[in-house]
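The values are calculated or read from the model by the stated rules, or taken from the named source; none is laboratory data. Keep in mind the model is a prediction, meaning the values are calculated, not measured. Note that each Cβ is placed from the backbone with ideal geometry, even for glycine, and that neighbours are counted across all protein chains shown. All accessible areas refer to the heavy atoms of the entire protein, side chains included, with ligands and DNA or RNA removed. Shrake-Rupley method; radii C 1.70, N 1.55, O 1.52, S 1.80 Å.
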Amino acid sequence: MKYPKSGRFGEFGGKYIPETLVPAVQELEENYLKFKNDKKFKKELDYYLKQYAGRPTPLYYAKNLSEKIGGAKIYLKREDLLHGGAHKINNTLGQALLAKKMNKKRIIAETGAGQHGVATAMACAALGMKAEVYMGYKDTIRQKLNVFRMNMLGSKVHPVKSGSKTLKDAINEAIRDWITNVENTYYLLGSAVGPHPYPVMVRDFQSVIGEEIKSQMKKLNNKTPDSVIACVGGGSNAIGTFYPLVDTNAEIIGVEAAGKGLKSGFHSATLSAGTKGVLHGMMTYLLQDKEGQITETHSISAGLDYPGVGPEHSYLKDQKRVKYHSATDTEVIDAFLLLTRTEGIIPALESAHAIAEAVKVARKHKKSESIVVTLSGRGDKDVEEVQNYLNKNVKD
Amino acid sequence: MSRIKEKFSELDAKNEKALISYIMAGFPNEKTTLSAVKGLVKGGADIIELGFPFSDPLADGPVIQNASTISLEKGTKIEKFFKLVRKIRKLTDTPLVLMTYTNILYKMGYSKFISEAKKAGIDGFILPDMSIEESKDYLNAAKGKTDTIFLISPNTSIERIKKIANASSGFLYLVAVYGTTGVKSGIKNYTIKAIKETRKQTKGKVPVGVGFGVSTPKDVKRYVSAGADAVIVGSAFLKIIENTPQNKIEQKIGSFTKSLKKETKY
Ligand SMILES: Cc1ncc(COP(=O)(O)O)c(C=O)c1O
């Protein structure tokens, strides 16, 4: 599925958008197609990815962890070492640069945990632009340090008080802003979701992760990895990891947030437990009730707390090319502590979902096999959350 | 002929334009919706749009968002909504248009939803997030059953206006402003231009209704004189419902409707 002109991955994706946005989305697609193969654009983006964001990121052999588990070798793709502390900057630099080429003066974005908002604010500051970021009111409280960061970086944060006051509502509000200010505004969407061409464009900007994994594994072991694992919120770090490897023999696993358990009703495991529907401009798997109302989600990691998922993941699931598993909050805390203690690496809670799965997979595989886990972000933002969780569970 | 089409030809014969009113079903409860409908009918609304709430109404401003949230909290469900439509059908022959978001139809299946809605008495659909590109299954399901009212915007290209007008039946919904639904003040020149351009493209094949931000008799008058075949008022009605005790709703809505309807006659 190179560039789906129809905007569809199989039956998934498309453009379910208010008519007012159609010219904006068309303009975006035209410009994206023009610049994605433009030598100057690519060179400029490459410069920022290397010199500003810190690419390439290491592929680190987690020896202590691998030996402790006693199965396959686990390698960590260290997106946590990027500027800003997460993979988000790969996408925000790409899109901010595109917006600049398109002469857009006003940038808007949504954010859940605040990671995409911060990465947007950074990319905009670096490129001499300003952003306005919509963030669910609940998230502005849960992740207030990121609100301070965005403000300091020169961006404005709009708390969103409608609906469930979290990421999905922040996206709704950003879309409403876009409808209102469509003529001068660029919407810098933070995951591989939304109407075409966003899912493809974000995948392409994030594919640098999988491309590097491929060449780094080749150098290290002279082969492609046997298994590849990444966490799935909207699905951008995962699709960036998977896409360059779908044509190999690798076993590919996406890990969703099982929250308090798939049967509890408190989770964000869209592909594991969802049904097909239309939200935020795309047809994809969604967490919704029988009547098509979107249901509230839960995850210990704010970055995975979303009732939809990128349409290409829905396609890869139905094609059975990628397996989608999930990890509960408890498993995630264990994985967070395990990686922290064995390797001295504090993972983001989102990324800890992938670690939890890697531990299960490594146990089942031979020592000669290799597993690559995308460590999408660092966990500094989460240490308070984890400490609270531990305190609470000691008391209980 | 569909009820909506009949209504437009009936108005045409009287030299009148259509007043289309929007209210959210079940906001703040079913009883109020029924009273409001009675008021709308008495006041002379030509077509009634009933909103069915969706959890994520991304084309709506704060007034309709709030009404959706409350309607859902009060337990509005599809089956209950169809029952309400049947009750309304006993009161009036006024064409009824259902406005909601694509996912509500998609989840049940376009065909099933549209058939059930038709049986209850719905004459047409407005889905603000249904783009023409994605509309094949929806159009097939609605064919011969209900009208499909698509939206265009002041920035829609001439080529697209033609395409969208072709797929539209009942009327074509011209979104007056860049923005979400809601009460706005002032009329923009670009809207007047868009009305004229749209009429030029549709050549009278489908009536053109103007909505989003229309809230006063003066707005209605201005759009009608610019050439609109219909004017759509929504959030202004919801505001009245918000601020009026239940026993006064029918009368208040009735007199406001009357003041708007007056401006559609010329
Ligand atoms: C570190 C990290 N990983 C993963 C995600 C989930 O997003 P996606 O699925 O788009 O990669 C987020 C989102 O905020 C994040 O901050």
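Annotations
- Members of segment A:361-383 that are away from the ligand (no atom under 14 Å from the Cβ) and touching a helix residue (DSSP H, G or I) at 6+ places or on another chain (Cβ under 9 Å): A:Ala362, A:Arg363, A:Lys367, A:Glu369, A:Ser370, A:Ile371, A:Val372
- Tallying residues that are in contact with a Lys or Arg (Cβ under 6 Å, 6 or more places away or on another chain) and not small (Gly, Ala, Ser) within segment B:230-266 yields 5.
- Every residue from segment B:2-19 that is part of a helix (DSSP H, G or I) and touching a strand residue (DSSP E or B) at 6+ places or on another chain (Cβ under 9 Å): B:Arg3, B:Ile4, B:Lys5, B:Lys7, B:Phe8, B:Glu10, B:Leu11
- Residue match in segment A:135-148 (condition: within 14 Å of chain B (Cβ to nearest Cβ), open to solvent by less than 10 Å² (accessible area, probe 1.4 Å), touching a Pro at 6+ places or on another chain (Cβ under 9 Å) and under 24 Å from A:Gln387 (Cα atoms)): yes
- Per the listing A:Val322, A:Val361, the residue uniquely in contact with a Phe, Trp or Tyr (Cβ under 7 Å, 6 or more places away or on another chain) and aliphatic (A, V, I, L, M) is A:Val322.
- Elements of type helices (runs of 4 or more DSSP H) in segment A:311-376, at least 3 residues being more than 25 Å from A:Gln216 (Cβ to Cβ): A:311-318, A:329-343
Let's see how each residue does on (1) over 17 Å from A:Arg203 (Cβ atoms); (2) within 9 Å of another protein chain (Cβ to nearest Cβ); (3) aromatic (Phe, Trp, Tyr); (4) more than 16 Å from the chain's Cα centre (by Cα):
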| position | (1), (2), (3), (4) |
| --- | --- |
| A:Ser272 | yes, no, no, yes |
| A:Lys276 | yes, yes, no, yes |
| A:Met282 | no, no, no, yes |
| A:Leu287 | yes, no, no, yes |
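- Within segment B:124-168, the set of residues being facing chain A (nearest Cβ under 8 Å) and either at positive phi or hydroxyl-bearing (Ser, Thr, Tyr) (or both) comprises B:Ser131, B:Ser153, B:Thr156, B:Ser157.
- In segment A:289-304, the residues that are open to solvent by 20 Å² or more (accessible area, probe 1.4 Å) and either within 12 Å of chain B (Cβ to nearest Cβ) or in contact with a Ser or Thr (Cβ under 7 Å, 6 or more places away or on another chain) (or both): A:Asp289, A:Lys290, A:Glu291, A:Thr295, A:Glu296, A:Thr297, A:His298
- Number of the exception - A:Tyr186 against (1) touching a Lys or Arg at 6+ places or on another chain (Cβ under 8 Å); (2) more than 14 Å from chain B (Cβ to nearest Cβ); (3) away from the ligand (no atom under 16 Å from the Cβ); (4) within 30 Å of A:Glu357 (Cβ to Cβ): (4)
- A:Gly308 being within 14 Å of chain B (Cβ to nearest Cβ), assigned to a loop (DSSP other than H, G, I, E, B) and either farther than 25 Å from A:Pro4 by Cα or not polar (S, T, N, Q) (or both): yes
- Residue within segment B:97-107 that is open to solvent by less than 10 Å² (accessible area, probe 1.4 Å) and more than 14 Å from every other protein chain (Cβ to nearest Cβ) present: yes
- Boolean, A:Lys218 is outside any helix (DSSP H, G or I) and over 27 Å from A:Ala96 (Cβ atoms): no
- Some residue of segment A:229-245 being free of Cβ contacts under 8 Å to residues at least 60 places away in the same chain and among the hydrophobic types (A, V, I, L, M, F, W, C): yes
- For segment A:321-358, the tally of residues that are open to solvent by 10 Å² or more (accessible area, probe 1.4 Å), more than 14 Å from the ligand (Cβ to nearest atom) and aliphatic (A, V, I, L, M) stands at 2.
- Residue check for A:Thr248: at pLDDT 95 or above, more than 14 Å from chain B (Cβ to nearest Cβ) and not in a helix (DSSP H, G or I): yes
- Segment A:100-145, subset basic (Lys, Arg) and either under 21 Å from the mean Cα position of the chain (by Cα) or within 12 Å of the ligand (Cβ to nearest atom) (or both), residue nearest to A:Ser162 (Cα to Cα): A:Lys138
- The condition of being closer than 30 Å to A:Leu21 by Cβ, without any contact (Cβ under 8 Å) to a residue 60 or more places away in the chain and open to solvent by less than 50 Å² (accessible area, probe 1.4 Å) holds for only one of B:Ile64, B:Ile114, B:Ile88, that being B:Ile114.
- Residue list for segment B:96-119, filter: more than 16 Å from A:Lys276 (Cα to Cα) and among the β-branched types (Val, Ile, Thr): B:Val97, B:Thr100, B:Ile114
- Restricted to segment A:201-236, and to residues there that are of a type in the set (S, T, N, Q) and over 28 Å from A:Ser299 (Cβ atoms), the residue that is farthest from the ligand (Cβ to nearest atom) is A:Asn222.
- Candidates B:Leu127, B:Leu72, filtered to the one that is of a type in the set (A, V, I, L, M) and open to solvent by less than 10 Å² (accessible area, probe 1.4 Å): B:Leu127
- Residue match in segment A:195-214 (condition: away from every other protein chain (no Cβ under 14 Å), touching a residue at least 60 places away in the same chain (Cβ under 8 Å), basic (Lys, Arg) and not in a helix (DSSP H, G or I)): no
- Filter result for A:Lys50 (without any contact (Cβ under 8 Å) to a residue 60 or more places away in the chain and either in a loop (DSSP other than H, G, I, E, B) or away from chain B (no Cβ under 14 Å) (or both)): yes
- Scanning segment B:164-188 for residues that are farther than 17 Å from B:Ser215 by Cα and free of Cβ contacts under 8 Å to residues at least 40 places away in the same chain gives B:Ile164, B:Asn166, B:Ala167, B:Ser168, B:Leu172.
- Just one of the listed residues (A:Asn172, A:Asn90, A:Asn151, A:Asn103) is out of contact with any Phe, Trp or Tyr (no Cβ under 7 Å at 6 or more places or on another chain), more than 14 Å from chain B (Cβ to nearest Cβ) and under 26 Å from A:Tyr32 (Cβ atoms), and it is A:Asn103.
- Within segment B:176-196, the set of residues being under 22 Å from A:Val22 (Cβ atoms), crowded, with 16+ Cβ neighbours inside 10 Å and more than 14 Å from every other protein chain (Cβ to nearest Cβ) comprises B:Ile192, B:Ile195.
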